[in-house]
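Asks: Below are the structure tokens for one structure; questions will follow.
The values are calculated or read from the model by the stated rules, or taken from the named source; none is laboratory data. On a predicted model such as this, the values are computed, not experimentally measured, just so you know. Cβ coordinates were reconstructed from backbone atoms using ideal geometry, including for glycine residues, and neighbour counts include every protein chain displayed.
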Amino acid sequence: MIVIIRIKGQTGLRKVTNETLDRLRIKKKYACVVVQETKENLGMINKLTSFIAYGRINEDDLTKLIEKRGIQLDKSKKIDARKVAEEIIKGKKPADLNLKSFFRLHPPRKGIKSKLHYPRGVLGNHGDKINLLLKRML
């Protein structure tokens, strides 16, 4: 599973870039989405490396993300974050599990360098270290 966090805002982006971000369901700054590792998703991610931070998310951090930032579609039903995380890893969509498809995050604690690529800044592929950035944003 890959987690994608939008770092740059909406101002001054080209139309093609905006459409790609919309297809990934990341419309606002500091929003994140969890996607499967498919050829199509990897192509969109490679196109957006100057605007997003991404990497592989582990199951524990996915559970924390769902607990703290998951927004339910139907408020009357309760969800179990651990079960939902397992279902998402298996390939189900969040909408089927009573969750919105994106997560809104806080700006990172201790700040970021948003104009430089990883490892000096925050943009681009973090690999497994994306979990550290995600914890700072919960």
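Asks: Pick out the one residue from Glu87, Glu67 that is under 26 Å from Arg136 (Cβ atoms), in a helix (DSSP H, G or I) and over 13 Å from the mean Cα position of the chain (by Cα).
Replies: Result: Glu67 is the single residue among Glu87, Glu67 that is under 26 Å from Arg136 (Cβ atoms), in a helix (DSSP H, G or I) and over 13 Å from the mean Cα position of the chain (by Cα).
Asks: So which residues in segment 1-22 are assigned to a loop (DSSP other than H, G, I, E, B) and of a type in the set (S, T, N, Q), if there are any at all?
Replies: Across segment 1-22, the qualifying residues are Gln10, Thr11.
Asks: Further question on the same structure: For Asp128, state whether it is among the acidic types (Asp, Glu) and closer than 19 Å to Ile7 by Cβ.
Replies: yes
Asks: Name the single residue that is farthest from Met44 (Cα to Cα) among those in segment 107-138 being small (Gly, Ala, Ser), touching a residue at least 40 places away in the same chain (Cβ under 8 Å) and surrounded by 12 or more Cβ atoms within 10 Å (Cβ to Cβ).
Replies: That would be Ser114.
Asks: Go through segment 65-89 and give me each residue that's surrounded by fewer than 16 Cβ atoms within 10 Å (Cβ to Cβ), of a type in the set (Lys, Arg) and modelled with pLDDT of 90 or more.
Replies: Lys68, Arg82, Lys83
Asks: Consider segment 17-49. How many of its residues are touching a residue at least 12 places away in the same chain (Cβ under 8 Å) and over 15 Å from the mean Cα position of the chain (by Cα)?
Replies: Looking only at that region, the number is 2.
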